[in-house]
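**Student:** Quick one: the structure is below, and I'll ask about it shortly.
Every number here is computed from the coordinates shown, using simple stated rules; none is lab data. Because the structure is predicted, anything quoted here is derived from the model rather than measured. All Cβ positions, even for glycine, are placed from backbone atoms using ideal geometry, and neighbour counts span all protein chains on display.
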Amino acid sequence: MTRKYPSNWSSIRKEVYKRDDYKCQNCGKEGGQGANVELHAHHIVPSAKPAGGGGVDTTEAESSVPRSDT
C-alpha cells in the first residue's frame with residue numbers, strides 16, 4: 001500500500017516542525033539540524049479521516065520521533 005501525501009506535504013511538514021520548536025510532542029526530544037534525533041511529522045487525525053473530509057494541514061499533524069526512539 002502506497003501512502004499518498006498532498007502535493008504541499010513538504011511545506012506542511014516544515015511548518016509543523018517549526019511550530020513544535022523542533023521537539024517531539026510525545027517525549028520532548030529535540031530534532032532538527034545538528035540533533036541526533038530524526039523527527040517525523042505524523043497525523044494527529046488519521047489521514048483517511050481528516051476533519052471536514054479535506055486534506056491535511058498543520059492543525060492535523062505533530063512532530064514526533066519514530067516509536068523505536070521513544
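**Student:** Under a crude label model (7 Å from the Cα following the beta-carbon direction), how far is residue 5 from residue 19 in nanometres?
**Tutor:** 1.6
**Student:** Considering amide H positions built from the backbone, and no H for Pro or chain starts, which residues 5 or more places from residue 23, or on another chain, come under 5 Å of its amide H?
**Tutor:** Residues meeting the amide H criterion: 31.
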